[in-house]
Every structure is written in C-alpha cells, then in structure tokens.
1. Please determine whether any residue of region 71-90 is of a type in the set (Lys, Arg) and surrounded by 15 or more Cβ atoms within 10 Å (Cβ to Cβ).
2. For region 181-189, indicate whether the set of residues that are modelled with pLDDT of 95 or more, open to solvent by 10 Å² or more (accessible area, probe 1.4 Å) and under 27 Å from Ser245 (Cβ atoms) is non-empty.
3. For region 281-332, how many residues meet the condition of being part of a loop (DSSP other than H, G, I, E, B), of a type outside the set (Gly, Ala, Ser), farther than 25 Å from Thr78 by Cβ and open to solvent by less than 70 Å² (accessible area, probe 1.4 Å)?
4. Give me a count of the residues in region 413-424 that are part of a helix (DSSP H, G or I) and touching a helix residue (DSSP H, G or I) at 6+ places or on another chain (Cβ under 9 Å).
5. Give the residue, chosen from Ala59, Ala53, Ala86, that is in a loop (DSSP other than H, G, I, E, B) and either aromatic (Phe, Trp, Tyr) or within 24 Å of Val343 (Cβ to Cβ) (or both).
6. Need a quick list: helices (runs of 4 or more DSSP H) entirely within region 518-636 having at least 3 residues that are surrounded by fewer than 24 Cβ atoms within 10 Å (Cβ to Cβ) and of a type outside the set (Gly, Ala, Ser).
7. State which residue is farthest from Ile360 (Cα to Cα) when the search covers only region 479-501 and only residues that are open to solvent by 50 Å² or more (accessible area, probe 1.4 Å) and at pLDDT below 55.
8. Could you please find all residues in region 119-133 being in a strand (DSSP E or B) and either surrounded by 21 or more Cβ atoms within 10 Å (Cβ to Cβ) or of a type in the set (A, V, I, L, M) (or both)?
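The values are calculated or read from the model by the stated rules, or taken from the named source; none is laboratory data. In this text, all values refer to a predicted model and were calculated from it rather than measured experimentally. Cβ atoms come from the backbone with ideal geometry, glycine included; neighbour counts cover every protein chain shown. What goes into the accessible areas is simple: the full protein's heavy atoms, side chains included, and nothing from ligands, DNA or RNA. Shrake-Rupley method; radii C 1.70, N 1.55, O 1.52, S 1.80 Å.
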Amino acid sequence: MKWTTALGYAGLFAIGQAHADVTWEVQNRFPLLSNTAFSDLVALTQANPDQIARTIATADRSDFKFARNTAWFPEVQTYITRQVLAETAHINAKTSLSGPSCQWELRAQNGDLVAHVQAACAAEINIPQPLRLSQPYTLRVTQDESKASESADIQINPKLIIALGDSFASGEGNPDLPAKLNRTSKVPNHDWAIVKEHNVMPTSLIKRSAEWWDTNCHRSLRSWPALAALRQAIIDPHTVVQFASFACSGAEVIDGFLLPQKNPPGMEPMKPIEGERNRNQWLRSSQQNALARFLCQGQELQSTLVAQPKVLGGYFDTYYERRAGAAAENTTTRITCLDPRPVDTLMVQFGGNDTGFSGIVKWILYSEINYRGIARILEGRVNKSIRDELRPIEPKTTLEHIRLLDPLYRQLANELEVLKIPCSAVHVMGYTTPLPGIPLPVPDSQKPALTTLLKACNARTRDGNLPLQALIAEKLDNHLIAPRHDGAYMGISPSRLITAVQDYVNPLIKAQQTAARNHGWNFHLPETDLPEQDWGFCAGSLECRQAGDQCPFGDRVRWAYPEKEEPWDKQSLPLPHPADFKPYDPDRRRGFRYGIDAMLTSIRLRQTDHTVLEDWLYGIAHPTASLHAKLADLIE
C-alpha cells in the first residue's frame, strides 16, 4: 500500500504502539544526513505533508544546503558506514500530562533502567541514552504531584534502502545545489559558456557552481530513489531509513555495475597524452563491489572471478577499447560475504546506456545541414564532421542491444542473489517516454493536435538547444563553415521523435518490463502508473505561448540574447536574463531538460583555471526534479 502521512508528522509525533498518550519520534530518521540537516529537511516539508517528494525536489538552492552534510566521503568514493548504518538512534518524547515536573524512565525489555529524565511535563524531552535499533523498550512518565502516569512501547525499526543504476537513477540534470548566476550589466550571448571570446566572462556570470552530493557520478538527493527514501523517513517517525545510492550517470550493467565505470561525467577530464584524443579515468569500484563492501561491513570479504556470457562480449570490447570479437575471456570480479546485511528495498534502473540512449537523443535533435549556392560543396564534409562529433544512433540499429537486456538483467540478478537480496525487495523503474499518453501509431483523430504540438516543440527546442549547437560548432574544424548564430539545428525532428519512441523507447521499456518480471521483481511503468500525462519532452510548448508573460520562468527556453538573431519560437517570451531562470520551478510543465536549462542548472567552473566544464551536457533530455518526484511517489 502507499505510505500515508502519520498523525504525528510535522512535530505532533505519531502515537506510541501500545498507549495513546505518550508520543515519540526518532530524531534523525535519515542518517545519510546529519542531525541538523535532517531537522532542516523536516522543517522544509512541514507546510506540504501530502507532497513531500515534490517539495524537496523543487526546493530552492537556499533551502537545500542540508545536502552538503552527507555521510558520503568523496575522496575515497565510499560511505561513512558508522553513520549510515549506525546501530543506535536517539528519540524525543512528549506526554499529555500537565504539571510542573514529570519523571521519565526508559527501561529495556528485561526491566533494566536505561535512562532517567526529569523535566517540566509540558516539555518535549530528549532521551539522552541512544536506543538500539530493533530492540523493544518501555518508556514511562509519572507526574510528581499526582503520581498519574503514562507509558508507551518503543521500538525503532531500521529499513535499508539501496539504489543502483544509471543517470535516470542518479538524478542527472538535477544537482542538489543548482548553479547560481549573477545579474551582470551586460546580457550574455547564447554561447557565453562555450566560445573563447565572450561578451560576458563566465567567472563574472557564475556566482556559484552547481554542487552534487557526489560530483563524479552526478548523484543527487533530488533523484527518484533518494526522494522515495526521504519521504518514508519523514512520514514514519518510528523508522530509521538507512539509504545508500550507488547509481552513476553514464553507467551500464557491464561498464558500471559489474566493472568500475569508465569516465563518469563529473570527473574533470585529464589532459590527453600526445597523439591521443583523451585519457580514460575509472571509479574505484564497480557498483556491485561497492554495494558488497557496504553490506558486508566487519566481515571477511570473498572475491571471485566470474566468466560472463559470450553474447555480452561486445560490451567488453567497448570497455577495453579492443577490436570487436578479439579473443579474450570476459570476466568480472564478484565480492560477497557469508552474511550480507539484509536489504529491505532495492531501487534500480538500467538499460538506457546499454542500448544507445544518448545516441538516440542526438539522432532526434540533429538534422543535416543543407547549404545553398557555392557553399554546397562543403555540405557533405560539414555534415560528416558533425556526425563524427555527435555519433547519433538510428533507432533501428538498437534492436540487437535491446534484445541483450534480458541476459544483462540476468547477470544483475545473479549478483543480487549472491548478496541475498530477495526478489520481492527489487523495484525496477521503467524509463520515461518523451511522448506520454500518445498511442503509436498515432490515431487519425489525434494527428492534428499532435502535429501542432510537435511543430511548436520543434521551434522551442531549436531555441532551447542553442548552447548545444554552439558547442558542436566550436568543436568542428575551424576551416569548416558551421552553423552558429544562424539558428540551432538541434531542435527535435517531429518525425524522428515519433520514430524513436515507436522503435526504441517503447521496445526498451517492454524489454525492461519482461526482464524484470522474469526475475520476480516489481516493475513500475511511469506512462501508465502516473495519474498525470502532461510531463513529456514537449509539455508546456503551447501553454507557454498562450500564457505570455505568465509563462513560468522554468519553462522558458531562451533569454533575450543581445545578438541580432530571430528566435525560432517567436510566440514565446524569453527570460530577461539567464539569472532569472528557475532550475526547480514548481510551476513548470515540461518534464525533460533542454540544452539551456541543463546548462543554467548544472554549469560548473574548474577549480584550477576557472574555465567552464562541459559536464552540464549530460543533463540534456533527462527528467527534471519535478518528474523525479512523481516517480518517487510510485514506490510503495
């Protein structure tokens, strides 16, 4: 069943299990955060107890500073387990008795006195002695004068929640603390973060870089797994939610879960050696190894080489950058122990990167350039250069990889089994379709409305992806004629978007569903399970045109560029300045990020030379924090 708001939420506390007048709650029910940070989080959500996930997801930067105080140790890429998996917790309690003085006694199940407190009866008291999780206690309060008493049975219930997966599970595009921009006197050009010659320097415009709970993996507390775990911790005052996410943007089942992930998005690129295009970097551990070490704290670890099926050999060829089909044994390292800590809920989302998600997005957005006149002699060369830079993937070429999702999930299931994670605890989230609520093929009755929507969406995505277009142009050879200020070609192609949904997204989701259910896992399908269907890639396109200056700032797709260029979408108003953009605008309709909001939300400066990092690119076409909140509410 769905989690429901407890009577005691927002400081009233839930009623004790056996007696009605002593109420109590655990002080810090989410030990990934510090005590103070959790208190700040509870205060943030008090005004909207029925929309906890949404309130957290759309909180302003100033209200989200608690995210800096986590039990994640970035230098060694591991959790401070003594905090996350602490075996004790403190409680507060309150009585309905009145009077100047009350005596409180906390006793263990065998009757031993654990703690004694004397305080005014009306005061909320803090039991000074920590209570062991899962152990029963009795808390009794006695009024000094009348000797009237009340009691409650106390037991703190721990719940271990784990997250694994890729960018859709890590929260890509939604940093805990979004970038904060200065309102410069000059309005910057659309390519201010990309080209070398700026009319406004990035160091003048960027007041604060975006901050992630884990920068390497772009892991955020605004992700659906974290929001689902946070919601339960806030609602249930008698539970300690021990949450750990190992999800990482860019992860695949092989490259990420079974092997240490190569080149995660938040690692600053290393300078290439002469003759090389780039230098690879890796996380310290695979998600499997990191999870095993987390669950096996204090135990002897067992390490085993596991031979993977030959059918998955292509993934290893890519990972090791070797010739396809090269003779090699494809093995991974499995870590386990005799008695791993029991997992109550495991939330997972894999398959997008395994099947070419980013290449599909580029295929949808990229339309080849058609030059006129003498410039046509360069047309083929320019288009080839752009294709080489983008590496778009046609949906029809992904079917073989989609068919491999079942054996990939089988390897995932094997690793979960050796860690003794029950199938009933696993929750797989299906990917969010960019066209929710639209049946394919499109019925004739819906074609006119869809055509109108996609035409507007094409114009708005061309405006919204101008920064992406500028970045591509900057990376092309200087002698090539490439589009930059003459408009963005990185707008959605309506026909390609429909083809991608029909030939890639829907088959991917179906393969996810089949593979998950083959292993007895819970599967959540956003398109059918979410009550609202207005969160797609093009949501808000027509509404923003109609709203005029009432269009939410979070839904606007450009600002008032000083360049003399006509916008593609002439019917929608721009932002006055990039600093006006609201990364987590609760009123925005669109559930996916375009280039402009990915950049304005996630942009960061290098710590060394203060130039702009390009990892904001990974947020394009990813769910917004508001959509993550909707997904979090699907987890029961």
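1. Restricting attention to region 71-90, the residues satisfying the condition of being of a type in the set (Lys, Arg) are 82.
When the remaining residues are screened for being surrounded by 15 or more Cβ atoms within 10 Å (Cβ to Cβ), the result is none.
No, region 71-90 contains no residue that is of a type in the set (Lys, Arg) and surrounded by 15 or more Cβ atoms within 10 Å (Cβ to Cβ).
2. The answer is no, given that none of the residues of region 181-189 is modelled with pLDDT of 95 or more, open to solvent by 10 Å² or more (accessible area, probe 1.4 Å) and under 27 Å from Ser245 (Cβ atoms).
3. In the first step, residues of region 281-332 are kept if they are part of a loop (DSSP other than H, G, I, E, B); the result is 281, 283-286, 296-301, 308-309, 321-330.
Subset that is of a type outside the set (Gly, Ala, Ser): 281, 283-284, 296-297, 299-301, 308-309, 321-323, 329-330.
So of that shortlist, the ones also farther than 25 Å from Thr78 by Cβ come out as 308-309, 321-323, 329-330.
Checking which are open to solvent by less than 70 Å² (accessible area, probe 1.4 Å) leaves us with 308-309, 322, 330.
So the count comes out to 4.
4. Step one: filter region 413-424 for residues part of a helix (DSSP H, G or I), giving 413-418, 423-424.
Going one step further and asking which of them are touching a helix residue (DSSP H, G or I) at 6+ places or on another chain (Cβ under 9 Å), we end up with 413, 415-418, 423.
Going through region 413-424 one residue at a time, the tally reaches 6.
5. Numbers: Ala59 fails: either aromatic (Phe, Trp, Tyr) or within 24 Å of Val343 (Cβ to Cβ) (or both); Ala53 fails: in a loop (DSSP other than H, G, I, E, B).
One residue alone meets the criteria, Ala86.
6. Details: elements: 526-529, 541-547, 595-602, 625-632.
Passing ranges, in order: 526-529, 541-547.
7. Top of the filtered list is His479.
8. Of the residues in region 119-133, the ones in a strand (DSSP E or B) are 119, 125-126, 131-132.
Result: Ala119, Ile125, Leu131.
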